[in-house]
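The structure under discussion appears below in the form of C-alpha cells.
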Amino acid sequence: MELQKQIIKASEELFKTEGLQFTMQDVAAALHISKKTIYTVYSSKETLLIDMIDDLFDDIHNVKAEIAASEKSVEERIRAVMVALPEQYTAIDFRMLDALEEKYPAAANRVREHLENNWEPTVALIEEGIAAGRIRPVPIPVLKKMITASIECFLSGDKTDSGYADTLEAMMDIIMNGITVR
C-alpha cells in the first residue's frame with residue numbers, strides 16, 4: 001500500500017510537468033526503483049491514471065467538506081465548493097479529457113463518473129441557500145447538468161484565454177450573478 005501511494009504521488013508530480021506524456025519509466029526513475037516493480041502494483045499506465053484520478057477527487061471532496069463546514073455565507077460556500085481545487089493541483093492544466101479519452105478511455109470514464117457523482121453536499125448547500133432565501137429556487141438537476149457539462153467541456157481542451165481554475169471562477173460568476181446588469 002505504501003509503494004502504491006509513492007507511485008501515485010510521483011506520477012502526480014510528473015503529470016504536473018509532463019502531462020499525460022510521462023512514462024512508467026519516468027515514474028520508476030523518480031522513485032529510484034525498477035519499472036518492473038511498478039508493474040507489480042499497476043498492470044498498465046491506465047490503471048495508474050485511474051488511481052491518480054481517484055486520489056485527486058478524494059482531495060477535492062475533502063476540500064469541499066471543509067468549505068461546506070466553514071462559517072462563510074451560503075453563497076460563498078456554494079461558489080467555493082463548485083470550483084474547489086486543492087492547492088497542490090492549482091498549477092495543473094486539466095484541459096486534457098480529449099487526449100485521455102483517446103489513449104485511456106477507462107480513465108476518461110472515471111473522470112466523468114466523479115463529475116456526475118458525490119453531489120449530495122453541494123445539493124445540500126444549494127437547498128440551504130434556497131431555504132434561507134439567499135438563492136432563488138432553481139431546478140437543481142438542471143443546474144447540476146449545466147455545471148457538469150461545462151466542466152466536461154473545459155476539460156476537453158477547449159482553450160479559453162485563462163487557465164482552468166480561472167475558467168471555473170468565471171463560470172461560477174455567471175451562474176451566481178447571471179448575465180443581466182443589476
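Throughout, read-outs are computed from the coordinates displayed, never taken from laboratory work. Computed from a predicted structure; not experimentally measured. When we count neighbours, we look across all protein chains shown, and the Cβ atoms used for this are built from the backbone with ideal geometry, even at glycine.
5 Å is the cut-off here: which amide hydrogens, built 1.01 Å from N in the peptide plane, fall below it relative to S156, excluding neighbours closer than 5 in sequence?
Those lying under 5 Å, H to H, from S156 are L97.
To the nearest µm²/s, what D does Stokes-Einstein give for the range 105-172 at 10 °C and 1.306 mPa s, using the Kirkwood radius over alpha carbon pairs as Rh?
Once the numbers are plugged in, D ends up at 118 µm²/s.
Run the helix sum for the chain: -39,500 (n - 2.57) per DSSP H stretch of 4+ residues, divided by residue count, reported at 222 nm to the nearest 500 deg cm²/dmol.
-22000 deg cm²/dmol
Spin-label point model (7 Å from Cα, Cβ direction): what's the K9 to K35 distance in nm?
2.5 nm
In the range 1-43, how does Rg compare with the Kirkwood Rh, expressed as the Rg/Rh ratio over alpha carbon atoms?
Checking Rg against Rh, the ratio lands at 0.93.
How do R136, R112 rank when sorted from fewest to most other Cβ atoms within 10 Å of their own Cβ?
Fewest to most other Cβ atoms nearby, the residues stand as R136, R112.
For N118 and E102 in the same chain, what is the full-extension length gain: residue separation times 0.36 nm, less their Cα-Cα distance, in nm?
3.2 nm
Which one of V138, L49, G178 has its Cα pushed farthest toward the positive end of the charge dipole of the chain, where Lys and Arg give +1 and Asp and Glu give -1 at the Cβ?
Comparing the listed Cα positions along the dipole, V138 ranks first.
Among K9, K145, K64, rank each residue by its count of other Cβ atoms within 10 Å, from fewest to most, as a rough exposure measure.
Placing the least packed residue first, the sequence is K145, K9, K64.
Full-extension gain between E76 and I175, please, as 0.36 nm times their residue separation minus the C-alpha to C-alpha distance.
34.4 nm
Apply the Kirkwood formula to the range 2-76: the hydrodynamic radius equals the inverse of the mean of 1/r over all pairs of different alpha-carbon atoms; give it in Å with one decimal.
It is 13.7 Å.
How large is the dipole of the chain about the Cα centre if only Lys and Arg carry +1 and Asp and Glu carry -1, each at its Cβ, rounded to the nearest 20 debye?
Computed charge dipole of the chain: roughly 200 debye.
Please state the equivalent ellipsoid semi-axes for the chain: what are the square roots of 5 times the Cα gyration tensor eigenvalues, largest first, in whole Å?
That gives 34, 17, 14 Å for the three semi-axes.
With a 10 Å Cβ neighbour count serving as the proxy for reagent exposure, in which order, fewest first, do L100, L85 appear?
Neighbour counts put them in this order, fewest first: L85, L100.
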